[in-house]
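These notes are about the structure you will find just below.
The values are calculated or read from the model by the stated rules, or taken from the named source; none is laboratory data. Just so it is clear, the structure is predicted and the values come from calculations on it, not from any experiment. Neighbour counts are summed over all protein chains in view; Cβ atoms, including those assigned to glycine, are modelled from backbone coordinates with ideal geometry.
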Amino acid sequence: MNGIEFRNVTKRYGTDASAPMAVKGISFEVPVGTLTTILGPSGCGKTTTLRMIAGLESPTSGSIFMGGRDVTTLGPAERNVSMMFQSYALFPHMNVIENVGYGLRMSGVKKNEATDRAREALRGVGLVGFDERLPSELSGGQQQRVALARALVLEPAVLLFDEPLSNLDARLRREMREEIRALQQRLKLTVAYVTHDQSEALAVSDQIIVMDHGVIAQRGTPEQLYGRPESEFVAGFMGEAMVFPAVAEADGSVALGPLRLQPRYAVAPGTVKVAVRPEAWRIGASGLSGVSGAGGGLPATLRKAAYLGSFYEYGFDTTLGPVFVVSTDLSQPLAAGAQATLSLGAHGVSVVPGP
C-alpha cells in the first residue's frame, strides 16, 4: 500500500483561469515506510506539493490518497499528518516539554500522559534533561530536535519536512540528516521531504522526485537520478553537471570534441548532450594522451584555482568552453595559466537526449 498517492494533481492560485499553475498535473506514490524527497529549485512547485499533502492547500483538480483513503477534501486534522517547518515554529513562551506535548494536549490527552510521551519523544532525539529550557536557550540544532520530537510524538501516519536543515551550519546539517534518516528507518515512518539541496536528497532518500516549473522532470532512486539523468535539466541539477553538445556515432560511441566516450547504455545516432560532473575530469600534463582514448585528450588552460582543504576546484578554458573540475590531487596543485590535458573517467558522465 502507498502511504501517499497523487493522481494528476494540479494547483492554481486564484480563481482566474489565466493565472499560472504552480503544479501541473503530477502523479506519484510514496510507499509506506519509505522516504521520498521532492527536490528542485525555488519556484518549481515542491513546497506547494508538500502543503497539499499536509492539507494546508487544496488541489485545483486531481486526487490525493493516503493509506488508500481519498483525503483530497479533508483538512490537516483529519489526515494524521505531522509537518516540520523550516522555521521550527516553536512557541517562545513555552519550555521544551510544553512545546513537544502541545499537540497531544490539543488532541485531548491528559497532562501527565502528554508529559510522559513528550519526554519519551525527547529521549528519542537525544534531548534528555532539556525539559525546562525555553527555545531561546537552545542552539539551532537543539531547536531542530525539539521540533522533530514534537512532530514524532503525535505518531503520524505521514511525516512531512519542509527544508528542515536550511538554518543549520554544514556540520549540523550532516549530523541531523543522518539522524532523520536513522529515525525514519528505525520507526518505519512514511516521509515526504522537501529540499533544494542535492547532496541532502541523495543522503536521505529511497526515492527522489525532481520538479521543474510545476511538473515532475524525473523520479527514481538516488542512484538512478545521479547515474542516468533523463534530461539536461536533471543532469545539470543533480551534482553540478556541466552539459556539452556532442554527437552519437553509428558504432555506439559518442564524440565530445576530441574525446570519445562509450556510454553504458545504447544511444541512438545523432545530436546528443553529455553531462559531466566536476569529479569526472582527469587532469594530465599537456601533451599526454587522455584516459578516454582516441583524440589525445582535451587541451585546457587553467583560468582559476581554489583550495578547499580536501580538494581543489579548477576552472579551465577549453575548445568546449569553460570546464569546472574538482581534483583530490593535493600533491601537485596547478597555478593559473598552467597548460593541461583533460580526459574523462568512467563515473560522473551521462549522455542525455539532444535539443
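Here's a check for you: in region 234-250, which residue that is in a strand (DSSP E or B) and small (G, A, S) is nearest to Q262 (Cα to Cα)?
A248
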Pairs with Cβ under 8 Å, 6+ apart, first in region 33-52 and touching a residue at least 60 places away in the same chain (Cβ under 8 Å), second charged (D, E, K, R) and in a helix (DSSP H, G or I): L35/R181; T37/E200; I38/K46; L39/K46; G40/K46
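Step by step: first the residues of region 218-233, then only those that are in contact (Cβ under 8 Å) with a residue 60 or more places away in the chain and closer than 23 Å to G43 by Cβ, then the one that is nearest to the chain's Cα centre (by Cα). Which residue is that?
Once the filter is applied, the top-ranked residue is R219.
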Single condition F237 does not satisfy, out of (1) at pLDDT below 90; (2) within 26 Å of the chain's Cα centre (by Cα); (3) surrounded by fewer than 19 Cβ atoms within 10 Å (Cβ to Cβ); (4) not basic (K, R): (3)
Subset tally (residues that are in contact with a Ser or Thr (Cβ under 7 Å, 6 or more places away or on another chain) and at pLDDT 90 or above) for region 163-190: 1
Close pairs from region 54-67: first without any contact (Cβ under 8 Å) to a residue 40 or more places away in the chain, partner not aliphatic (A, V, I, L, M), Cβ under 6 Å, at least 6 apart: G55/G75; G55/P76; G55/R79
For S310: the one exception among (1) surrounded by fewer than 13 Cβ atoms within 10 Å (Cβ to Cβ); (2) hydroxyl-bearing (S, T, Y); (3) under 16 Å from G284 (Cβ atoms): (3)
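Yes/no matrix, rows are residues, columns are (1) modelled with pLDDT under 90; (2) crowded, with 21+ Cβ neighbours inside 10 Å; (3) hydroxyl-bearing (S, T, Y); (4) out of contact with any Leu (no Cβ under 7 Å at 6 or more places or on another chain):
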site	(1), (2), (3), (4)
A248	no, yes, no, yes
A255	no, no, no, yes
P258	no, no, no, no
Y265	yes, no, yes, yes
A285	yes, no, no, yes
Of all residues in region 59-95 being assigned to a strand (DSSP E or B) and of a type in the set (V, I, T), the one that is modelled with the highest pLDDT: I64
Long-range neighbours under 6 Å by Cβ, at least six apart or interchain, first residue at pLDDT 90 or above within region 333-351, second of a type in the set (V, I, T) and not in a strand (DSSP E or B): S343/V291; V351/V267
